[in-house]
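Here is the structure we will look at.
The values are calculated or read from the model by the stated rules, or taken from the named source; none is laboratory data. None of the values given here were measured: they were computed from a predicted structure. Cβ coordinates were reconstructed from backbone atoms using ideal geometry, including for glycine residues, and neighbour counts include every protein chain displayed. Heads up: the accessible areas ignore ligands, DNA and RNA and are worked out on the full protein's heavy atoms, side chains in. Shrake-Rupley method; radii C 1.70, N 1.55, O 1.52, S 1.80 Å.
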Amino acid sequence: RQKKDKLGVALVGLGYYSTDLLAPALQQTKNCYLAGIVTGTPAKAEAWKKKYNIPDKNIYNYQTFDQVANNPDIDVIYVVLPPSMHKEYVIRAANAGKHVWCEKPMAISAGECGAMIDACKKNKRSLAIGYRLQHEPNTQEYRKLVKQNKLGKVLKASCGAGYVENRTDHWKQNKALGGGVLYDMGVYAIQGSRLGTGLEPVGVMTAKTSTNRPQIYKNGLDETTTATLAFPGGIMVDIKTSFGENINYLNINCDKGEIKVAPYQAYAGVIADSPLGQINHPYTVPWQQAKQMDDDATSIIQEKPMLVPGEEGLRDIRIVEAIYKSAATGRPVEI
Ligand code: NDP
């Protein structure tokens, strides 16, 4: 295998995120570039080919995808499909000998996440999850305040991640495709609880799923989910996620004051206020996605561990499963 200083990335699934954020970001990246695409929609293949000057030999559909194994232009496969499809495409990519980036939520069960991690290990390929905030400088800086106990110990925290989702027949409303708000936006709230405390939860104290639109969120699929997560030392974190409400905050109560991050998750403009001052490094969209992909490409080139490896996605899916279990049984669940 020849050493490269710039990796070729192929995006799998040319929906909203690939089209509006990742492809534009790949025009800004320094250590990787948009080399190929995998799509089930021929018209998109045609449009992307023209717009981004992608050669025919680097364009695949879901049937021809495995032939990417023979394509030296493509080093990394970035899976940007509905969550129920992540496992299959991550494993096929790893078996084709490619490094893999996979969007959040990593998959729909911890078992699937484990199989994805194993496939990448077996093929000696890197696996990164698309938690862009972990690459984001304002997020990195408030996490440092917590880690270094700058405001004393964390006492409690709360995190909310949600927006008004007006679509009615998208995969987000389809359980089989990985729908449900806890998978989609809930993983941000779960990340907030973990990044905000710098700790791993030990249990779900209580959880509740609900919907105000049962004709859209059918058969108990969650439009809104709330939970209280227990962390070591008795720290409790309340999380809320919703497709019916615009919420976007992380509040971290410490001995010597509060860190308030709002918006907590955004493509730009993440701001953290605390008695120590404001954290607000500015940048514009889609710099965040470019930073994430450049960081991950650099780690691959330098043969270093990924900043956000598969194990990090797995942790959150374990918590998702525990929250759903607690909501279904009405009891606390250990993690
Ligand atoms: P979209 O629905 O907009 O796009 C998904 C694409 O997947 C489709 O356009 C299609 O592409 C392909 N696809 C293949 N099979 C199916 C199927 N059965 N149903 C629907 N689509 C199918 O989704 P998003 O782009 O919003 O989300 C994709 C992933 O990215 C998700 O995991 C999501 O959570 C994540 N995401 C992450 C964000 C972040 O900030 N990190 C932000 C937004 C999304 P084609 O026609 O090319 O085959």
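The residues in the stretch 121-130 that are open to solvent by 10 Å² or more (accessible area, probe 1.4 Å) and assigned to a loop (DSSP other than H, G, I, E, B) can be counted, and the count is 4.
Restricting the stretch 85-102 to residues that are touching a strand residue (DSSP E or B) at 6+ places or on another chain (Cβ under 6 Å) and within 19 Å of Ala176 (Cα to Cα) leaves a set whose member that is surrounded by the most Cβ atoms within 10 Å (Cβ to Cβ) is Val90. Within the stretch 152-168, can one find any residue that is touching an Asp or Glu at 6+ places or on another chain (Cβ under 9 Å), more than 30 Å from Gln278 (Cβ to Cβ) and open to solvent by less than 10 Å² (accessible area, probe 1.4 Å)? Scanning the stretch 152-168, I find at least one residue that is touching an Asp or Glu at 6+ places or on another chain (Cβ under 9 Å), more than 30 Å from Gln278 (Cβ to Cβ) and open to solvent by less than 10 Å² (accessible area, probe 1.4 Å), so the answer is yes.
Here Ser158 does not fit the description of being assigned to a helix (DSSP H, G or I) and more than 26 Å from Lys304 (Cα to Cα). Any residue at all in the stretch 139-149 that is within 16 Å of the ligand (Cβ to nearest atom) and within 30 Å of Thr298 (Cα to Cα)? Within the stretch 139-149, one or more residues are within 16 Å of the ligand (Cβ to nearest atom) and within 30 Å of Thr298 (Cα to Cα). Among the residues that make up the stretch 65-79, is at least one of them under 18 Å from Gly192 (Cα atoms), touching a residue at least 60 places away in the same chain (Cβ under 8 Å) and of a type in the set (D, E, K, R)? There is no residue in the stretch 65-79 that is under 18 Å from Gly192 (Cα atoms), touching a residue at least 60 places away in the same chain (Cβ under 8 Å) and of a type in the set (D, E, K, R). Do the conditions hold for Gln302, that is, is it open to solvent by less than 20 Å² (accessible area, probe 1.4 Å) and of a type outside the set (A, V, I, L, M)? Spelling it out, it is not the case that Gln302 is open to solvent by less than 20 Å² (accessible area, probe 1.4 Å) and of a type outside the set (A, V, I, L, M).
May I ask you to say which residue of Ile54, Ile91 is touching a helix residue (DSSP H, G or I) at 6+ places or on another chain (Cβ under 9 Å), in contact (Cβ under 8 Å) with a residue 24 or more places away in the chain and within 23 Å of Asp296 (Cβ to Cβ)?
Selected residue: Ile91, the only one of Ile54, Ile91 that is touching a helix residue (DSSP H, G or I) at 6+ places or on another chain (Cβ under 9 Å), in contact (Cβ under 8 Å) with a residue 24 or more places away in the chain and within 23 Å of Asp296 (Cβ to Cβ).
Quick grid of which residues meet (1) out of contact with any strand residue (DSSP E or B) (no Cβ under 9 Å at 6 or more places or on another chain); (2) farther than 24 Å from Ser158 by Cβ; (3) of a type in the set (Val, Ile, Thr); (4) away from the ligand (no atom under 16 Å from the Cβ):
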residue	(1), (2), (3), (4)
Asn246	no, no, no, no
Asp255	no, no, no, yes
Glu258	no, no, no, yes
Val270	no, no, yes, no
Leu276	no, no, no, yes
Lys304	yes, yes, no, yes
Gly313	no, no, no, no
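When you look at Ile108, is it of a type outside the set (Phe, Trp, Tyr), assigned by TED's automatic domain parsing to the domain that holds Arg125, in contact with a strand residue (DSSP E or B) (Cβ under 9 Å, 6 or more places away or on another chain) and more than 9 Å from the ligand (Cβ to nearest atom), yes or no? No; evaluated as a whole, the condition is false for this residue.
When Thr197, Thr211, Thr226, Thr241 are checked against the criterion of being without any contact (Cβ under 8 Å) to a residue 40 or more places away in the chain, hydroxyl-bearing (Ser, Thr, Tyr) and either open to solvent by 50 Å² or more (accessible area, probe 1.4 Å) or closer than 21 Å to Asp316 by Cβ (or both), Thr226 stands alone in meeting it.
Within the stretch 80-105, the set of residues being within 15 Å of the ligand (Cβ to nearest atom) and of a type in the set (S, T, N, Q) comprises Ser84 only.
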